[in-house]
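Q: Take this structure, written in structure tokens, and hold onto it; I'll ask about it next.
The values are calculated or read from the model by the stated rules, or taken from the named source; none is laboratory data. Here the structure is a predicted model, which is why all the values come from computation and not from measurement. Please note: Cβ atoms are built from the backbone with ideal geometry, for glycine as well, and neighbour counts cover all protein chains shown.
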Amino acid sequence: MPVFVNNMQESIQLEQQWQDIAVKVIDKTLALHNKSDAEVSLVFVGDEYIHQLNQSYRGIDRPTDVLSFAMKEGEAVPEDDEAEQVLGDIVISIETAQKQAKEYGHSLEREIAFLSIHGALHLLGYDHQAETDTANMRQQEDGILSHMGISR
């Protein structure tokens, strides 16, 4: 499954190991949902850029950690794994990720992994609008992190 990585920010040196772990956890997330052949773009940006996206697409006037843009917004993701498909884009603010890693007391690598999984789950149709949805999404995130040996 191709995950295309694009670093559009220059404020923080993006280590290759962080990119590699992000690709691995996205691969694992998609594989667990029978989407191994799906294509995803992962874009690392700064706070200013993600702030603009958050304002434009969600009407929220502040930076955020991760945004997902599904190729087929609002449509169910087909169950078959026969044909390769483009799921969409995951956009991560590396600056916000760094702040959150410090705030939560874990590594930036772990935060990038978490945000990558979170974004991939959104592309697969998960959300956290209701408490039960939030719990289900968190269980998925924690399970994948644990399976990949990524801890706080």
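Q: Under the condition of being out of contact with any strand residue (DSSP E or B) (no Cβ under 6 Å at 6 or more places or on another chain), free of Cβ contacts under 8 Å to residues at least 60 places away in the same chain and not acidic (Asp, Glu), which residue from region 115-128 is farthest from residue 87 (Cα to Cα)?
A: Within region 115-128, the subset out of contact with any strand residue (DSSP E or B) (no Cβ under 6 Å at 6 or more places or on another chain) is 116-117, 120-121, 124-128.
Still in the list and also free of Cβ contacts under 8 Å to residues at least 60 places away in the same chain: 125-128.
Retained after the next criterion (residues that are not acidic (Asp, Glu)): 125-126, 128.
Details: 125: 10, 126: 13, 128: 19 Å.
Of everything passing the filter in region 115-128, 128 is farthest from residue 87 (Cα to Cα).
Q: Let me ask something else. Quick check: anything in region 55-68 modelled with pLDDT of 95 or more, touching a Ser or Thr at 6+ places or on another chain (Cβ under 8 Å) and under 13 Å from residue 123 (Cβ atoms)?
A: yes
Q: Filter region 96-113 for residues that are of a type outside the set (D, E, K, R) and in contact (Cβ under 8 Å) with a residue 40 or more places away in the chain; which is farthest from residue 70 (Cα to Cα)? Spell out the reasoning first.
A: Residues of region 96-113 that are of a type outside the set (D, E, K, R), as a first pass: 96-98, 100-101, 104-108, 112-113.
With in contact (Cβ under 8 Å) with a residue 40 or more places away in the chain added as a condition, the list becomes 96, 98, 104-106, 108, 112-113.
Working: 96: 22, 98: 25, 104: 28, 105: 31, 106: 29, 108: 25, 112: 19, 113: 19 Å.
Ranking the qualifying residues of region 96-113, first place goes to 105.
Q: Here's another thing I want to ask about it. Here is a list: 45, 40. Which entry is within 20 Å of residue 85 (Cβ to Cβ) and either surrounded by fewer than 18 Cβ atoms within 10 Å (Cβ to Cβ) or at pLDDT 95 or above (or both)?
A: Values: 45 fails: within 20 Å of residue 85 (Cβ to Cβ).
Only one candidate qualifies: 40.
Q: If the requirement is being among the charged types (D, E, K, R) and closer than 19 Å to residue 112 by Cβ, which of these qualifies: 27, 37, 61? If you could, list the steps in order and put the result at the bottom.
A: On the way: 37 fails: closer than 19 Å to residue 112 by Cβ; 61 fails: closer than 19 Å to residue 112 by Cβ.
Checking each option against the conditions leaves just 27.
Q: Go over the candidates 116, 93, 107 one by one and state the one that is in contact with a Pro (Cβ under 7 Å, 6 or more places away or on another chain) and of a type in the set (Ser, Thr, Tyr).
A: Working: 116 fails: in contact with a Pro (Cβ under 7 Å, 6 or more places away or on another chain); 107 fails: in contact with a Pro (Cβ under 7 Å, 6 or more places away or on another chain).
Only one candidate qualifies: 93.
Q: Here is a follow-up. Just to be sure before I move on: is residue 92 modelled with pLDDT of 95 or more and assigned to a strand (DSSP E or B) in the structure I sent? First the steps, then the outcome.
A: On the way: modelled with pLDDT of 95 or more: yes; assigned to a strand (DSSP E or B): yes.
Here the answer is yes, as residue 92 does meet what is asked.
Q: While we're looking at this one, here's another question. Run residue 103 past the list (1) at pLDDT 95 or above; (2) of a type outside the set (A, V, I, L, M, F, W, C); (3) surrounded by 14 or more Cβ atoms within 10 Å (Cβ to Cβ) and report the number of the one that doesn't hold.
A: Failing condition for residue 103: (3).
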